[in-house]
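Taken together, the values in this text are just the output of simple stated rules run on the coordinates, not laboratory data. Given the structure is predicted, the values throughout are model-derived calculations rather than measurements. Neighbour counts are summed over all protein chains in view; Cβ atoms, including those assigned to glycine, are modelled from backbone coordinates with ideal geometry.
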Amino acid sequence: MARLRIKEILNTTPQNQAIEVKGWVRSFRNNQFIAINDGSTNNNLQVVVELGLLEEATLKRITASASVKVNGTLIESMGKGQKVEVKATSLEILGDSDPEKYPLQLRNKPSLEYLREIAHLRFRTNTFGAVFRVRHTLAYAIHKFFNEKGFLYIHTPIITSSDAEGAGEMFRVTSLDMMNPPKNESGNIDYTQDFFGKSTNLTVSGQLEGELAAMAFSDIYTFGPTFRAENSNTARHLAEFWMIEPEMAFYDLNDNMDLAEEMMQYVIRYAMEHNLEDIEFLSNRLVDEEKQKPQNERSEMTLMEKLKFCLENKFERITYTQAIDILRESNHNKKKKFQYLVDKWGVDLQSEHERYLVEKHFKKPVILTNYPKEIKSFYMRQNDDGKTVAAMDILFPGIGEIVGGSQREERLELLENRMKEIGIPAEELSWYLDTRRFGTCQHAGFGLGFERLVLFVTGMTNIRDVIPFPRTPNNCEF
Ligand code: ATP
Ligand code: MN
């Protein structure tokens, strides 16, 4: 007999039909009612075992997280809380779970911090069940969105020899014996003897390679892992995270912003349509969690409201210069409530400033454009004012920067000059510069940090709780 997933069973009209289900026990009440979960939904299937069906020894083995196989008939439920239930005709324990040792059984309401330590088991909780189903749906929605738009999915390399991108500190990849590395004449490690005959790293971004593909296919995107050895122990940074990077020929900065906004709204809407129960669960979870906080620190909107709000409102578009004016004149700044005060044009914005603009001032997602060139990357297109570049960052409530992008500098001479100014050797990036030599054109792209998107849609507050096995400074378990 074919096993049915619980999500499907719960949506089936009960007609005393015979069914088979496999899953893990969530709870067992009155020696009669078993709640079974198989990860297809947070809703458990109630299985009723009539008195006398099972031997005492088997009943004892129906413990939290034991895996079971149940055959029975699907009937209408008399109890509250579910429409259907299974009247068991047989039950087999597939794998025991010792309740004296099972970590999730030993604590009542385990904290998120504790669950991070047992990340191999946290998939089995309602919270993480919901988070990872939403994560899946968002990943699917991203591919669906770009596919519908005719974008090509390009796989850019994970090991790279280019270290010029400058997006962050890199992890070295080597097969040399680092206890006893070969040295060259000047006494430095001789990477010509390394696996690739040169020094290599894990990628921080697929953008430069993405641009090469866009110069042939017009519209492409990457969706892959990226690595940054930055020692920032924040709730928004991981050492290993996933990034979506579209790159479009013939787009200017406005086209770029339009696409990013459309994509964000598309994937949020898709998740709300396909994971509504999970998102409602997470929204309620957040309300409960915030009850512990003082009134003035609680969110003004529930998660559901925040997501809807994002779909119903155009993102506010302002320049960096306008943002600096708003921040400088804000009461927050005057009363010195920012950790970093905003005093002059040219400073990089901190997350507290980004969140002030989004959460306090505009109360909606904001796109900031035209940043000072000094605080942005060499490949961004130089504006005519000689001071700013055609960059755009999208800022989201609770998160700050979620997307970073720009129109790219397509003019060879200006690009070479900028590289010279900041000391990037042109020889190292000659392959990149070739796109500007042979058929260059206006183009643009952006990077969306996938975990930051998942954070937003699930309402979780720490990025370690939206990726199965987080990698952060001093932490690489599993
Ligand atoms: P931040 O200022 O927050 O460190 P960034 O300016 O370094 O971000 P970019 O280099 O523009 O970010 O990367 C593009 C996107 O990747 C960011 O908008 C963000 O969503 C995401 N991102 C960047 N660094 C991390 C990280 N360490 N962990 C998770 N996501 C990240
Ligand atoms: Mn960064």
- Find, to one decimal place in angstroms, the Kirkwood hydrodynamic radius of region 88-161, where the mean of 1/r is taken over every pair of different Cα atoms and then inverted. 16.6
- Query: Which distance in Å, rounded to a whole number, links the C-alpha centroids of region 253-324 and region 339-370?
  - Reply: 17
- Query: Remind me, what semi-axes does region 132-194 give for its equivalent ellipsoid, largest first in whole Å, using sqrt of 5 times each Cα gyration tensor eigenvalue?
  - Reply: 40, 14, 10
- With unit charges on the beta carbon (Lys/Arg positive, Asp/Glu negative), name the residue among Pro397, Leu368, Val49 whose Cα is farthest towards the positive pole of the charge dipole of the chain. Val49
- Compactness summary of region 339-478: radius of gyration and Dmax from Cα atoms, Å, are 18.0, 51
- Could you please state, rounded to a whole Å, how far the C-alpha centre of region 455-477 is from the C-alpha centre of region 110-148? 10
- Query: Among the chymotrypsin sites (Phe, Trp or Tyr not before Pro) within region 290-389, which fall in a DSSP loop and have no more than 13 other Cβ atoms within 10 Å of their own Cβ?
  - Reply: Tyr340, Trp345
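As a test of the formula, what do you get for the chain when each DSSP H run with n ≥ 4 contributes -39,500 (n - 2.57) and the sum is divided by the residue count, at 222 nm and rounded to the nearest 500 deg cm²/dmol?
Result for the chain: -9000 deg cm²/dmol, rounded to the nearest 500.
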- Note on the structure: Taking a straight Cα-to-Cα line shorter than 30 Å from Lys314, and setting aside same-chain lysines fewer than 8 residues away, one finds Lys144, Lys149, Lys306, Lys334, Lys337, Lys344, Lys360, Lys363, Lys364, Lys373, Lys376, Lys387
- Task: Run down the lysines and flag those whose C-alpha is under 18 Å from the C-alpha of Lys60, throwing out any fewer than 8 positions away in its chain.
- Result: Lys69, Lys101
- the chain - Kirkwood radius from inverse mean 1/r over Cα pairs (Å): 25.6
- Semi-axes, largest first, in whole Å: what does sqrt of 5 times each Cα gyration tensor eigenvalue give for region 69-114? 30, 18, 7
- If you stretched the chain out fully between Ser299 and Gln442, how much longer would it get, using 0.36 nm times the residue separation minus the C-alpha to C-alpha distance? 47.3 nm
- Label point distance in nm, Met1-Glu185, each placed 7 Å from Cα along Cα→Cβ: 8.0
- Which cross-chain or sequence-distant (5 or more) residues have an amide H under 5 Å from the amide H of Val403, H modelled 1.01 Å from N in plane? Ile394
- Along its principal axes, what span do the Cα atoms of region 252-340 show, with the longest given first and each in whole Å? 44, 42, 18
